[in-house]
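See below for the structure under consideration.
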Amino acid sequence: MNTKLRHIVVSALASASLLAFTVNAMADTTDDIVNALVAKGVLTEEEGALLMKGRTGEKEAAEKKKESSVSAKYKDGLSFESGDGKFKASINGRVHADYRFFDHNDSDSNSTLPPASITNSIANTNSVADTFDMRRARLGFKAAWKDYYEAEVVADLGNTTTLDVGYLNVAWWKPVQFRFGQFKMPMNLEELTSSNNIDFMERSYVNALAPAKEIGVMVHGTPFKGVTYALAASNGNAKNAETDIREDGKDVIGRVTANFAEMMDNKEMVLHAGASFSQGDLPQGTVGANGRTEARGATFYTSPVLGNAAFSNIDRSRLGLEGAVAYGPFKVQAEWMQLNNDFKTLVRSYDLDTENWYAEALWTITGEAYADAYKGGVFGGLKPKTDFDPAIFKGGLWEVGARYSEFDASDYNAVGIAQGTVDAGITTKAKGFAKAEAWTLGLKFLPTSNMRFMLNYVDTDFSDVIGGATGGVVVNQKRIDDEKAVVMRAQWMF
């Protein structure tokens, strides 16, 4: 072959190599062509080697460029990923816009109580109005890198911007991971289920007893298929509370769960069981847990408050049990939790329990399976089989559900705490009703996986009045012993 023809061939192959730079299949073809031309004597071995060397350099440069590049995509949210897949990040957020309507009836079962115009020393007095409400507005950033590290920061954009979540997770060994910062404590299935994915607009009375987001450290993981565990130590205060004036140190909180269906490789079912506990102490202040209706209406029970009188530290322990069974489009779920406070004032010793529980049943009318939303001991978000198409008015996910729940702080309707003998250690006594039971009926529509429209009807009855003739609950200058509410939500999350 003459020199001119060789140059033409070499130039053509070089052009093909550059084109193949972006198409892997063509790149392999170009290598084959060079080898074939060398074998047929069209190119010398030196010319073929020179071309292949150039191709190798181009491949290495392409790989390095790919590794350092970052791509963005949108699927249920905005996410980013490095070319080598070793770094992933996403921007997440939620907006929950609510409307609440209340129908407070005059008291029927407490007709012996005086009119609301009379000053009541231990009645719970409320001002409850029908209202629009921005229940939640949050924006966050989540990242994972090197297969071992994960971090998340979420801002709560309420009346004042505060830190909602901020943690670092280290997973050098997947069965034993460590989390540091402010995050959800491992107790209560409802709390660990994101507010984006809870079954009804509000969590049940059980959630009033459980710890939520606190500052601490946790070891957790999945040591065996279908089994999860978590053990945390925290300040024992609410989120963003860094001070701790306890006598005995921090709270210890733990949870273990098992999904027996996963153990049996049954992907269509969830057979979930779990147990949790916490042990710690409290400083001076509120003892027990306040009770507010699940429609976020009246506060029907207010716990006593300890003052500056001398007393021993307040031991606080919690025990929780949880279970869920799901098959196809059906799910039943229940939880029970007991909160115990044990302390002694100068007058007497107290050992007080609050026991709350709920049971619920749900059905996705459109057939979506709850097992598809379950992972790691927690239920995630359901996704419609097909998105709602307003042009033909079809698609989306429809769900109906019912929940019954009880609040029981009857131990606090006792001498010294709410009635009878004066105890200087109790600066504010318990108020309202010690018990409540509620029925919630819910209808939910998901036009897409990141939108929900919810309608709940909540019917609550109060009992075990605290304070006799001067107790009970007053709402908007009227005595009540029940509350009926219709609540609605438009929700967007990504």
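Numbers below:
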{"item": "Distance (nanometres) between label positions extended 7 Å along Cα→Cβ at residue 336 and residue 400", "result": "3.0"}
{"item": "Neighbour-limited loop hits for chymotrypsin sites (Phe, Trp or Tyr not before Pro), segment 133-240 (at most 14 other Cβ within 10 Å; DSSP other than H, G, I, E, B)", "result": "148"}
{"item": "Restricting segment 178-235 to trypsin sites (Lys or Arg not before Pro) in coil, as DSSP defines it, with at most 12 other Cβ within 10 Å", "result": "225"}
{"item": "Local electrostatic count at residue 130 - Lys and Arg +1, Asp and Glu -1, tallied over other residues with Cβ under 10 Å", "result": "0"}
{"item": "Estimated FRET transfer efficiency (residue 148, residue 422; beta-carbon r; R0 60 Å; 0.05)", "result": "0.55"}
{"item": "Equivalent ellipsoid semi-axes, segment 166-291, via Cα gyration tensor eigenvalues times 5, rooted, Å", "result": "27, 19, 13"}
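Each value in this text was obtained by applying a stated rule to the coordinates, not by laboratory testing. This structure is a prediction, so every number in the text was calculated from the model and none was measured. Reconstructed Cβ throughout: ideal geometry from the backbone, glycine too, with neighbour counts over all protein chains shown.
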